[in-house]
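The structure under discussion appears below in the form of structure tokens.
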Amino acid sequence: MIGVPFNDLGCLGSITQTIAGLVRDREPAIVEIADKHASTESLAAWIRTLPQRDDTGDPQDGPKVVECDPEQRLRIPAADPNCVERSALYLAAAELIEPGPVRQLATLDTAIGLHTFPLESGAPIVLDPRVPRNGLRYGVTMAALGPVVVDARDAIEWSAQLAEDGAGAAPLRNGPSRVRVARNAVMRLVDEGAVPASSEVDAMGWMFALAEQAARRYGARALTMVRTTARAIADVLDEVLARTQRNLTLNERDHRAETRRRIGQLVVAAGRVGLGIGGAALHAQLDALGIGKDLVPFVELELNREGLSLGSLARPPHLSAFGSRA
């Protein structure tokens, strides 16, 4: 069944009416395409193989849907479709192949710009290989009306996806690969309680900071999810480090230089984060070094000599549940 668009009712509503008319009239070109595919999965796979020709806004490149702003080209079918035309073709042919599921058009802002795609029973159908399914599912969840519950693993995956999109769009050397390092470290921490290396802690904080920047494009709900996930991971990291810490004594003669170096590295890493990851790691590592609250002023003095400071870094607030409700 062809349903009301997920959003952008003026533009996508007009396109949906056109699609419904083609199905109702059993447009021969659409029927021919539908007859070549035994399933909607086969149809989607075929559409993904079609070459892409973007709509550059040329008024002579039509026909156009004037209800859209800017006006959108709509050829059904097209040998070289853009995302709007791919989605329209899928809705029309899929309705002839299997009319049961509810199918809608949706448009979201993605890493490659505004992107139109079909939803089938609420799940996104990927027709453009450049757009990851996980990213579309995340966008639909964030744009849905009413409260939503985000699974912990989904929150981590989506945060990593946001960070990777941001790293890919920015001139950051090895940005996407560093996001994957951070994502894998977070998953090992959550699944196995594995203590990340100091470089991984730094990468984790960097990943969530980048995800926060990218989440602003999706609004307050996405921003809340990233921040809540970062704080939850910080809390997990704090607890894991606390369980594995060793009772070390601060020997002025043998360990002073090494301790100062390690703390300095932690402070620098924590200062880059600003989301609690650095603070959690620093708090646990100070405990591991045998530095309690009474020794913090002396540590601060040593750091000041190196041009560093503990600043206002503190243990992040405890979260009673890992995950986020936005």
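The values are calculated or read from the model by the stated rules, or taken from the named source; none is laboratory data. A quick note: this is a predicted structure, and the numbers were derived from the prediction, not measured. All Cβ positions, glycine included, derive from the backbone under ideal geometry; neighbour counts span all protein chains shown.
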Quiz item: Within the set of pairs 6+ apart or on separate chains, which have a first residue in the range 148-177 that is in the same structural domain as F208 (by TED's automatic domain parsing), a second that is modelled with pLDDT of 80 or more and surrounded by fewer than 21 Cβ atoms within 10 Å (Cβ to Cβ), and C-beta atoms under 6 Å apart?
Solution: A160/R183; G166/Q213
Quiz item: If we keep just the residues of the range 102-117 that are modelled with pLDDT under 70 and not in a strand (DSSP E or B), which is nearest to S159 (Cα to Cα)?
Solution: A111
Self-check item: Residue match in the range 130-144 (condition: farther than 14 Å from V226 by Cα, polar (S, T, N, Q), in a loop (DSSP other than H, G, I, E, B) and modelled with pLDDT under 80)
Solution: no
Quiz prompt | Residue match in the range 6-25 (condition: farther than 23 Å from A123 by Cβ, among the aliphatic types (A, V, I, L, M) and either touching a residue at least 12 places away in the same chain (Cβ under 8 Å) or loosely packed, with under 12 Cβ neighbours inside 10 Å (or both)) | solution = yes
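For G62, state whether it is on the phi > 0 side of the Ramachandran plot, part of a loop (DSSP other than H, G, I, E, B) and in the same structural domain as Y90 (by TED's automatic domain parsing).
Working: on the phi > 0 side of the Ramachandran plot: no; part of a loop (DSSP other than H, G, I, E, B): yes; in the same structural domain as Y90 (by TED's automatic domain parsing): yes.
Answer is no for this residue.
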Quiz item: Is it the case that the range 168-177 has a residue that's modelled with pLDDT under 80 and basic (K, R)?
Solution: yes
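Which members of the range 192-209 meet the condition of being more than 19 Å from A163 (Cβ to Cβ) and not in a helix (DSSP H, G or I)? Walk me through how you get there before you give the answer.
Our first condition is that a residue be more than 19 Å from A163 (Cβ to Cβ); within the range 192-209, this holds for 192-195, 198.
If the condition is that a residue be more than 19 Å from A163 (Cβ to Cβ) and not in a helix (DSSP H, G or I), then G193, A194, V195 are the ones that fit.
Would you call L96 in the same structural domain as V126 (by TED's automatic domain parsing) and under 32 Å from the mean Cα position of the chain (by Cα)?
On the way: in the same structural domain as V126 (by TED's automatic domain parsing): yes; under 32 Å from the mean Cα position of the chain (by Cα): no.
When the stated conditions are applied, L96 does not pass them.
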